[in-house]
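A short worksheet on the structure shown next.
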Amino acid sequence: AIGLSGYAVQLRGRVSTLETRLREAVLRADNGDRQLADARGRAIEAQSKLAVLAAPDLARIDLAGQPVAPRAVARAFWSRSHGLVFTASNLPAPPPGRTYQLWVLAAGATGPVPISAGLMKPDANGLINAIFNTPPDLPQPVAMAVTLEPEGGVPSPTGDKYLVGLAN
């Protein structure tokens with residue numbers, strides 16, 4: 001009985017060690033799966049950006065900082081067939097509850113018509129590097145602008161313009 005008790009204790013210790021090793025292996029596998037999913041996501045994003053930049057219908061719009069952000073600069077690359085790549089630098093961090101919204105301005109009968117391309121937040125250095133899927137029926141832009149809007153965005157611009165650029 002003493003021998004069997006000792007053997008049972010030894011087996012419990014081995015099982016406990018194996019369970020610990022199994023948990024660690026599962027955590028490593030989960031971490032590897034997350035890293036693989038992240039890498040796939042980055043690869044898909046890079047492919048999408050490359051498709052826009054290599055598109056034969058590519059249009060480039062340079063945006064300049066406005067009085068609220070005079071050092072800010074941006075560039076938009078738009079392709080009707082592939083979407084919109086947008087990069088910006090030197091944008092100030094938006095205050096809590098606010099976000100930047102990118103507007104495509106299309107020609108209208110009474111003046112430019114703003115169409116939201118999407119929402120963006122700069123990183124800690126004031127940089128934005130984003131891609132937006134735009135509808136294929138999006139009118140040819142005459143300009144683009146970035147405004148500061150409430151979190152979640154708005155249907156038409158209400159906030160200060162931080163960046164503005166005319167299409168060539």
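What pairs can you find where one residue is in the range 141-167 and open to solvent by 50 Å² or more (accessible area, probe 1.4 Å), the other is acidic (Asp, Glu) and assigned to a strand (DSSP E or B), and their Cβ atoms are less than 8 Å apart, with a gap of 6+ or different chains?
Taking only residues 6 or more apart or on different chains, the pairs are Pro157/Glu149; Thr158/Glu149.
Scan Thr158, Thr147 and give me the residue that is assigned to a strand (DSSP E or B) and among the hydroxyl-bearing types (Ser, Thr, Tyr).
Thr147
With Leu4, Leu91, Leu105 as the choices, which residue is out of contact with any strand residue (DSSP E or B) (no Cβ under 9 Å at 6 or more places or on another chain) and among the aliphatic types (A, V, I, L, M)?
Details: Leu91 fails: out of contact with any strand residue (DSSP E or B) (no Cβ under 9 Å at 6 or more places or on another chain); Leu105 fails: out of contact with any strand residue (DSSP E or B) (no Cβ under 9 Å at 6 or more places or on another chain).
That would be Leu4, the only listed residue that is out of contact with any strand residue (DSSP E or B) (no Cβ under 9 Å at 6 or more places or on another chain) and among the aliphatic types (A, V, I, L, M).
Within the range 4-21, identify whether any single residue is closer than 30 Å to Val85 by Cα, among the polar types (S, T, N, Q) and open to solvent by 80 Å² or more (accessible area, probe 1.4 Å), and answer yes or no.
Checked the range 4-21: no residue is closer than 30 Å to Val85 by Cα, among the polar types (S, T, N, Q) and open to solvent by 80 Å² or more (accessible area, probe 1.4 Å).
Within the range 100-132, work out how many residues are hydroxyl-bearing (Ser, Thr, Tyr) and in a loop (DSSP other than H, G, I, E, B). Please lay out each step first, then the result.
Start the filter on the range 100-132 by keeping residues that are hydroxyl-bearing (Ser, Thr, Tyr), which leaves 100, 110, 116.
This time we only want the ones that are in a loop (DSSP other than H, G, I, E, B), so: 110.
Of the residues in that region, 1 qualify.
Could you please find all residues in the range 22-67 being closer than 26 Å to Pro141 by Cα, of a type in the set (A, V, I, L, M) and at pLDDT 95 or above?
Ile61, Leu63, Ala64, listed by residue number.
The values are calculated or read from the model by the stated rules, or taken from the named source; none is laboratory data. Keep in mind that what you see is a predicted model, and the values were worked out from it rather than measured. Counting neighbours? That spans all protein chains shown, and the Cβs are built from the backbone with ideal geometry, glycine included. Surface areas here come from the heavy atoms of the whole protein model, side chains and all, with no ligands, DNA or RNA. Shrake-Rupley method; radii C 1.70, N 1.55, O 1.52, S 1.80 Å.
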